[in-house]
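Notes for the one structure printed next.
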């Protein structure tokens, strides 16, 4: 007999929210996480002199999980989209797109450990991309179905956002106001707000899962700006200090970190029979449960399924429809003292072009965000390496004049699926368990490049409208693969021949197999940060699974 009712694989936004919801229903859950646990009060290094010299503090270099196929050639017609900075010139001096990283954290809490905690709802029109624009795929339900779950997650995590009269986003209508007051715009962002107005664009306070006042035993933010390095105060709503902490408090959750799942065994009656994993002592374990939930992300979820003899791949779509992060960031140096190293990383957002039809002659939207913290202009070393040239006394003088005066505009856009962007298994490279590594294929088509050109042009226009700002760095996805948000490799839908899972994340064939991460997204949205949508989807699916278990239908 199985020791647990449900096994959840992966403890990021999707797996953690799923486990929390099940535990609240009284379901016994085993949560398996390949990475270590982090103690926010001991493991984050912001009090050290060397804090700026590393980003998120990886405890131990994890075993490789993925590689990259060769990237596409760069076209001189698009040289205006090449990344550069004032000190070093072009960042990519070759003639092919380069890999920076797939920014995926292995650890209890997953990539929420280093996210900047933007808490966005998806634009309703982005859920009907096939019907409205003939691209991507429709979601199998509408925004109204998801709205109560958005509200539920915002109240649990503690999202601080604009309420009516303070930049209310009417496209993403709300049944109730945000639970916490919004964070004020920083001095630098207020300056940028005036530039937005000159261009007939609107800048609003950004909704974030960062506490503006104490909530559920966690303190308010101290505005250090270093969310990407791990929050040592627990005011940032990462999955470990919210969903997992609460689930452990129910007594219904068993958490096993450093436990890497490498295979799912299929059984009779269209059910997953066993989960195989290597535990913290490097011993192979087998376990089973009434249901199995895979929440490893849009790269590693298809890897696990494909390595398990193509489990759930009856449609042939496991691995297809990968949508990556389309982005542009432009930074300038102001003549004014701004103190831009302080504050939350992304305090202002512009939704004007988020709708999929908002950019002229382009399908798929984008959003714009303020904040020097998003591009890591938070400490003197970044300024010395990327902005201030020279040596000795001249360099010191330049540093005193420049530090804290960086201004930045970032943009993230829609990513539409294409046949050349997908995940498969590398034919040669394997991990210590003999499992092939995931191989990421990425290709930017002309629509993607046209959207990037719009994003880059607007970022430049905004910085120019500020006045007294010198452009000192631009970085984008035309010549670099650097993805934080990835989607779509196990698409959700009504038709088993055109999707991998049903509207509740359950495999069309395998009755006790669920997927709970951004791999189920039929479309990426117009640049919205996906964590809130992942958590809301997972909670909805977990409610469904809990009801099945209660009725003994699994």
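The values are calculated or read from the model by the stated rules, or taken from the named source; none is laboratory data. On a predicted model such as this, the values are computed, not experimentally measured, just so you know. Cβ coordinates were reconstructed from backbone atoms using ideal geometry, including for glycine residues, and neighbour counts include every protein chain displayed.
The set of residues in region 102-149 that are closer than 30 Å to residue 61 by Cα and surrounded by fewer than 18 Cβ atoms within 10 Å (Cβ to Cβ) contains only 103.
Step by step: first the residues of region 273-299, then only those that are in contact with a helix residue (DSSP H, G or I) (Cβ under 9 Å, 6 or more places away or on another chain) and not in a strand (DSSP E or B), then the one that is nearest to residue 547 (Cα to Cα). Which residue is that? Per the criteria, the residue is 295. For region 251-271, the count of residues that are surrounded by fewer than 24 Cβ atoms within 10 Å (Cβ to Cβ), in a helix (DSSP H, G or I) and in contact (Cβ under 8 Å) with a residue 40 or more places away in the chain is zero.
Give me the helices (runs of 4 or more DSSP H) completely within region 374-484, filtered to those with at least 1 residues that are crowded, with 19+ Cβ neighbours inside 10 Å and under 23 Å from the mean Cα position of the chain (by Cα), ordered by residue number. Steps first, please.
Values: elements: 380-386, 392-402, 446-466.
Output list reads 446-466.
Count of region 194-223 residues, restricted to those that are crowded, with 19+ Cβ neighbours inside 10 Å and under 21 Å from residue 375 (Cβ atoms), is 11.
When residues in region 307-326 are screened for being touching a strand residue (DSSP E or B) at 6+ places or on another chain (Cβ under 6 Å) and surrounded by 24 or more Cβ atoms within 10 Å (Cβ to Cβ), 6 of them pass.
Can you find, within region 44-88, the residue that is nearest to the chain's Cα centre (by Cα) among those that are within 24 Å of residue 452 (Cα to Cα) and assigned to a helix (DSSP H, G or I)? Result: 81.
Let's see how each residue does on (1) farther than 30 Å from residue 462 by Cβ; (2) at pLDDT 95 or above:
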site: 184; (1), (2): no, no
site: 191; (1), (2): no, no
site: 201; (1), (2): no, yes
site: 212; (1), (2): no, yes
site: 225; (1), (2): no, no
site: 239; (1), (2): yes, yes
site: 250; (1), (2): yes, yes
site: 266; (1), (2): yes, yes
site: 270; (1), (2): yes, yes
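One residue alone among 238, 259 is within 15 Å of residue 33 (Cβ to Cβ) and within 19 Å of the chain's Cα centre (by Cα), and that residue is 238. Out of 487, 521, 481, one residue alone is touching a strand residue (DSSP E or B) at 6+ places or on another chain (Cβ under 8 Å), at pLDDT 95 or above and closer than 14 Å to residue 328 by Cα. It is 481. Restricting attention to region 1-43, the residues that are under 20 Å from the mean Cα position of the chain (by Cα) and assigned to a helix (DSSP H, G or I) add up to 8.
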